[in-house]
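Worksheet for the structure shown next.
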Amino acid sequence: MDDKERKYWVAFTRIPQIGRARIKLMEAHFGTLQSAWSAGLTELKAAGLDISMVSSSLAMMELSGLVRQVGGMNYIRLKESSAQYQAV
């Protein structure tokens, strides 16, 4: 996993109910976690995620200041962490 992908892995693992199994679902469906992070609710549901879990995750991300709802079920990412993660 490269550094760019690692930051999305870290962000997703901070969301309750998203662990290894759901991350693997997203990687299989979207190819990268970066693509999954930019996906909408419908796309996340198509990846095999439970609709209520996706909705609560988006709400958590919005409360954390990571995303903002811009109309309907469309969200945009507000900021990226500037932290550098060291490969272990």
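What follows draws every value from the coordinates through simple rules; no lab data is involved. Not measured: the values here are computed from a predicted model. Reconstructed Cβ throughout: ideal geometry from the backbone, glycine too, with neighbour counts over all protein chains shown.
Values for this structure:
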read-out	value
Residue selected from segment 27-46 under the condition crowded, with 17+ Cβ neighbours inside 10 Å and in contact with a Phe, Trp or Tyr (Cβ under 7 Å, 6 or more places away or on another chain), by the criterion nearest to residue 66 (Cα to Cα)	37
All positions within segment 27-52 that are among the small types (Gly, Ala, Ser) and either part of a helix (DSSP H, G or I) or in contact with a Ser or Thr (Cβ under 6 Å, 6 or more places away or on another chain) (or both)	28, 35, 36, 46, 52
Unique residue being closer than 14 Å to residue 12 by Cα and among the charged types (D, E, K, R) when the list is 43, 62	62
Candidate set from segment 1-26 (those that are of a type in the set (D, E, K, R) and part of a loop (DSSP other than H, G, I, E, B)); member that is surrounded by the fewest Cβ atoms within 10 Å (Cβ to Cβ)	2
